[in-house]
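FYI, it's all coordinate maths here, none of it is from the lab. Remember, it's a predicted structure, so these values are computed and weren't measured experimentally. Counting neighbours? That spans all protein chains shown, and the Cβs are built from the backbone with ideal geometry, glycine included.
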Amino acid sequence: MDFLGFAATQCLNALSQASVLFFIACGLTLIFGIMRVINFAHGVIFMLGAYVGYTASAVSGSFLLSLVVAPIVVGIVGMVFERVFLHRLYRRRDPGAYLMVTFGLAVVVSEAIRLIWGTQPLGTGIPDFLRGIVLVLGQPFPLYRLFLIALGISAAVAIWQFLDRTRAGLLIRAVSQNAEMVQALGTDIDLVRTGVFGFGCALAALGGALAAPLVTAFLGMGTTVVIDAFVVVIVGGMGSFLGSIIGSVLIAFVQVVGAYYFQELALAFMYLLMLAVLVVRPGGLLGKEE
Amino acid sequence: MNWKHGFIGAALLCALLPFALPQYMLTIVVEALIFGLLAMSLDLMVGYCRLYSFGHAAAYGLGAYACGMLLKHFALPLPIGILLAVAITVVIAIPIAWICTRSTGVSFAMLTLAFAQLGYAMLYRFKEITGGSDGIDGIPRPPGPFNIAWFESKLGYYYLVLFCLLGSYLLCRAIVRSPFGTVLAAIRENEVKARSLGYNTRRYKLATVVLAYGFGALAGALYAPFAGFASPELFFWLTSGRVLIMVVVGGAGTLVGPILGGGAFLILENELSQLTDSWPLIFGTIFIAFVMFAPQGIWGLITGRFGRSAIAASAARTEEAPDAAA
Amino acid sequence: MNASTAATSRRALLKATVAAGAVIAAPAYLTRATAATPIKIGIPTVITGGYAILGQQTIRTCKLVAKLKNAGKGVLGRPVEFLYQDTQGDPANCVRKCQELVERDDCRIFTGVIVSSEAAAIMPKLEEWNAFFISHGNGDGRLTAELFVPRFFRANTSAPMGARTVALYLRDAPQKTFVAVASDYSWGQSSVKAFEEQTKKIDKQLVDKIFTPVANKDYSTYITKVLQSKAEGCYIALQGDEARAFYSQAAQYGLAERVQFFTEIVAQSDIKVLGKDALGLIGSSRYPFTYDIPRNKEFVAAFTEEYKNQIPDWTDGEIYQALTILFAAIEKADSTEPMKIIAAMEDLDVTSVKGPVLMRKCDHQGENQGFVVKVAQNAKYGEPIPEIVKIYPREVTTPDCRSSSYST
């Protein structure tokens, strides 16, 4: 295998991993912006996305449609949860409360998934038009992963434009910087919070639906992914959207390099990077220290 | 009711508990006490410094692995093994605490998480020593000092754990009520002000983190010989998350609350899973309900019934909290 | 009451026993059980959590066995009763649940444990509990070697046995060079170690060993590595989530067209999900339901009758075999006392759904035949199934005594 081809495929491998990571981490970081605490249930939400996506694709027969249905359904679940529970907790400003309520949610949802879909793992096959193999400098590379990369990049651009250019995006950025101030200025920040929570969940669900053809949908599929996403968010900077993009790419590359050259240390690599970043910049690469 | 009466009453009650319970319950009760101790140690950070550690599994795991290896390879007497394990953890905790206390809020949480996960990864890296995914099995539970066959029996071990828990509680209580604790309270309420009064706040926080690791290691060191093994799960982030939940559900900043929280969490999980396969549904719902209806945790519920003032004080504290995690 | 504790601190225990425990702990096996008392078998398995699929399979076959046995004469004329407990795959929970089964339910017979580290955690405790444990799925070679305890038996094919079977098959395979991909936990390491030893003996070359982190999700880098090694064959010791992730991603890279896969374990629950991505896979199977002997056909018929549209997986076959052996030993011992069952089980030769099995005395490993299967489409079933391509006799598949290696 010549080096160029090898290097190119490894880069693409890393970018495709970064795409999936980005969907989870971006939701996590946006939610952090409004809650100021880690959403314990994010991994379970990711798993729910994969299962809903499976059903949607099995019923409709269209994988692409399932990529639309899963985020919508899970986003609604997220918004309902936010309205009924989280909504009443903001006033308390107690990080413990968020932690516990999202822990409860995680436990309940994963059991609900077991009851609804059973323990048998489920496979969402990829549609035929995404099944092929592309030769990149003579090396085989799956079309599906190129699709993931393309989707990841377009989502990143779209969200960035949305946050940067629209009024809603401006509001979200404002709320995550200073909620009281925005409220004092007469804006209904409740609506913003509900929307952002639902949106964050929807992104995670999309990640889950996209990851299902790579790993199949199974119970516990979110447990390790979510910790990777935590690391991405921390490295990139809590609450920073751009940080979540940079973090995803960085972590994905570290994982690929670690897995290839430092097999024995692959697990430790990511955490070493995170420690290094936090020691140098306690707020993460693009975050500000709070 | 004076706290001393309360303490003596609770101690007596615990001492008599094994005789009121069916034999088989003793295992879970011992583990409940161990988790109570672990949760209480985390409360030193969470409740008294508002340092939300997301990596307390490191303290627990270090204590358990150190104690397990010492007992297995060097055939030490149990109390010595346990104390040495605590000492080792404290030594390791110092640089960890030094790095972690550079940050506050979420950064602090994530640094502690990183160290715990790094420990988890190291277990797999050095599998010749740590046993990798198997962990350490066949950890002996040597008899007590002077060869009194105490700790070998479950009842004897129950008293050992109870003794450690009550002793640790008294120690922690003394610490948080000492001048040192007063400074902690000042830091918790307003760190900038405390610093401007001339306190080196970081040194105080560092000491608290190391203390918390020490007591957490004690819990781990008690667990390993009781279960007879130590496994990588002890280090995993889910363990850290669970301990944090135990502190919150018990009532942070009260020491007693987290002990109750830890015990209740474990016993509830164990007993619910006897009732139905879908026990997580009930388990999760209980936690959600607790957040919604009992914001002060278990201890808040109890003191709320018996003494209004305590809950008011504790409520006032939460109200004042500036963006705590941030 | 556990033996060692009672001896060392009788007084303390006596109090406790009088206070509460006596009623629960004393009965059944001290006084001779009456005909109607059920035989209790503890199943500390995974009901919720990542390994729930294996636990669910274990439980469904236990339920089927209980139904069949209790509709007939039972065992020793007594009904069998399974006590299911959820360990979530965590050794700490597993030890606690077993302890409760012993002390609360006076249950002294265990099987159905899923994870090898759970098995390793409870094995040293068996003596204290006066209990007996027969494995139906724990693969780690060390359980009947370094970690051997007299109260533990393994009815199932272990990881070294699976690796050995694949290696025996490779002796006649055209491929010369191999790369191994395994999960970095005890089962995977044990499997690759055995495979490496075997390849040397048959004059094949293992060019690279890749250990992937536990619960790894993305295998793209490892797939590139396999492609780069230019090996002709790939030996895979991955299970469950990891196996499914690897095969589906490998299919996307077209890896199977370039390299022949050989796996230590073929699971129906995985190939069902993988569908056509699994076709052509060759591997050893702990239990292929297509095995054509009367004993197995009977089981498969009863199974499909009870669970419509479902195919018994290896876990189903292995737990059925473990229970068959257990009941045979109980009948032979004419007792449910652990030590008597152990005596009866040593060198017990039984024909089960997997053919003849000998529970050899020296290390309590069951000598199982080795099945090599190829995953293929079959008109009778909606999902791909394993077709048997070769069966190796039990004498050659079982390792040396108290060891994971083979001297021949």
**Item:** Calculated from backbone phi, Karplus (6.51, -1.76, 1.60) coupling profile of the range C:123-128 in Hz, x at Gly/Pro
**Value:** 4, x, 8, 4, 4, 4
**Request:** Please work through chain C and write down the cysteines that have no neighbouring cysteine Cβ at a distance under 4.7 Å.
**Result:** C:62, C:94, C:98, C:107, C:234
**Fill in**
Between the modelled labels at residue C:331 and residue C:81 (7 Å from Cα along Cα→Cβ) the distance in nm is 2.3 nm
**Message:** Checking the a/c ratio against 1.5 first, then a/b against b/c, what shape does the Cα gyration tensor give for the range A:204-290?
**Reply:** oblate
**Prompt:** For C:201, C:272, what ranking results if the residue with the fewest other Cβ atoms within 10 Å of its Cβ goes first?
**Reply:** C:201, C:272
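Under the definition of Cα pairs under 8 Å and six or more residues apart, what whole-number percent is the relative contact order of chain B?
It rounds to 32 percent for chain B.
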**Prompt:** If you average the sequence gap of Cα pairs under 8 Å that are 6 or more apart and divide by the length of the range B:53-120, what percent do you get for the contact order?
**Reply:** 53 percent
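Give me the net charge of residue C:407's neighbourhood, meaning all other residues with Cβ under 15 Å from the Cβ of residue C:407; Lys, Arg count +1, Asp, Glu -1. Display every interim value, and only then the final one.
Details: positive: C:164, C:200, C:201, C:402; negative: C:197, C:363, C:395, C:400.
So the environment of residue C:407 carries a net charge of 0.
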**Complete:** Quick calc: nm separation of the 7 Å Cα→Cβ label points for residue C:349 and residue A:84 -> 6.3 nm
**Asked** Given labels modelled 7 Å from the Cα in the Cβ direction, how far is it in nm from residue C:257 to residue C:200?
**Response** 3.8 nm
**Complete:** For the range C:113-121, in residue order, the Karplus 3J(HN,Hα) values (coefficients 6.51, -1.76, 1.60; θ = phi - 60°; whole Hz; Gly and Pro = x) are 6, 8, 8, 4, 5, 5, 4, 4, 6
**Message:** Treating only the Cβ of Lys, Arg, Asp and Glu as charged (+1, +1, -1, -1), what charge dipole size does the protein assembly as shown show about its Cα centre? Round to the nearest 20 debye.
**Reply:** 1460 debye
**Request:** Would you please state the base-10 log of I(q)/I(0) at q = 0.13, 0.21 1/Å for the range C:278-408, with intensities from the Debye formula using one equal scatterer on every alpha carbon?
**Result:** -0.62, -1.25
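Here is the link list: C:176/C:276; C:176/C:217; C:354/C:390; C:63/C:340; C:332/C:361. Which ones come out longer than 23 Å on Cα distance?
Over 23 Å apart, Cα to Cα: C:176/C:276; C:176/C:217; C:63/C:340.
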**Listed residue pairs exceeding 18 Å between alpha carbons, taken from C:209/C:230; B:127/C:204; B:72/C:125; C:272/C:380** = B:127/C:204
**Request:** Using only Cα atoms, tell me the angle between helix A:189-215 and the longest principal axis of chain A; keep it within 0 to 90° and round to the nearest 10.
**Result:** 20 degrees
**Prompt:** Given a Förster distance of 25 angstrom, what is the FRET efficiency for residue C:309 paired with residue A:59, based on the Cβ-Cβ distance and rounded to 0.05?
**Reply:** 0.85
**Fill in**
Per-residue ellipticity at 222 nm attributable to helices in chain B (runs of n ≥ 4 DSSP H, -39500 (n - 2.57) apiece, nearest 500 deg cm²/dmol) works out to -25500 deg cm²/dmol
**Prompt:** Rounded, prolate or oblate: which one fits the range A:65-118, using the alpha carbon gyration tensor with axes a ≥ b ≥ c (rounded when a/c is under 1.5, else prolate when a/b beats b/c, else oblate)?
**Reply:** oblate
**Request:** Can you tell me the dipole magnitude for the range C:64-212 around its Cα centre, using point charges on the Cβ only (Lys, Arg +1; Asp, Glu -1), in Debye to the nearest 20?
**Result:** 580 debye
**Message:** Relative contact order of chain C, please, whole-number percent, based on alpha carbon pairs below 8 angstrom and at least 6 residues apart.
**Reply:** 16 percent
**Message:** With +1 assigned to the C-beta of every Lys and Arg and -1 to the C-beta of every Asp and Glu, and no other charges, what is the dipole magnitude of chain C about the Cα centre in debye, to the nearest 20?
**Reply:** 400 debye
**Request:** For an R0 of 35 angstrom, estimate the FRET efficiency from the Cβ-Cβ distance between residue B:174 and residue B:21 and round to the nearest 0.05.
**Result:** 0.70
**Asked** What are the semi-axes of the equivalent ellipsoid for the range A:28-90, taken as the square roots of 5 times the Cα gyration tensor eigenvalues, largest first, in whole Å?
**Response** 26, 11, 9
**Message:** Can you compute the FRET efficiency between residue C:207 and residue C:293 using 1/(1 + (r/R0)^6), with r the Cβ-Cβ distance and R0 = 35 Å? Round to the nearest 0.05.
**Reply:** 0.35
**Request:** From the C-alpha gyration tensor of the range B:160-306, pull out the three semi-axes of the equivalent ellipsoid (sqrt of 5λ each), sorted largest to smallest, in whole Å.
**Result:** 30, 21, 15
**Message:** Given the options A:51, A:61, A:5, identify the residue whose Cα lies farthest towards the positive end of the charge dipole of the range A:1-106 (+1 on Cβ of Lys, Arg; -1 on Cβ of Asp, Glu).
**Reply:** A:51
**Fill in**
Percent antiparallel among DSSP beta bridges confined to the protein assembly as shown, rounded to 5, stands at 45 percent
**Asked** Å³ per residue of the Cα convex hull, for the range C:138-244?
**Response** 105 Å³
**Request:** Please turn the phi angles of the range C:175-186 into ³J(HN,Hα) values with the Karplus equation 6.51 cos²θ - 1.76 cosθ + 1.60 (θ = phi - 60°), one per residue in order, whole Hz, x for glycine and proline.
**Result:** 5, 10, 10, 9, 10, 10, 10, 9, 6, 7, 9, 3
**Prompt:** By how many degrees, 0 to 90 and rounded to 10, does the Cα axis of helix C:294-306 deviate from the longest principal axis of chain C?
**Reply:** 80 degrees
**Prompt:** Which whole-number percent of Cα pairs in chain B have a distance greater than 35 Å?
**Reply:** 19 percent
**Message:** Using +1 at the C-beta of Lys and Arg and -1 at the C-beta of Asp and Glu, which of C:245, A:22, B:251 has the Cα lying farthest in the positive direction of the dipole of the protein assembly as shown?
**Reply:** B:251
**Distance histogram in 20 Å bins (all Cα pairs of the protein assembly as shown, percent per bin)** = 13, 44, 35, 7, 0
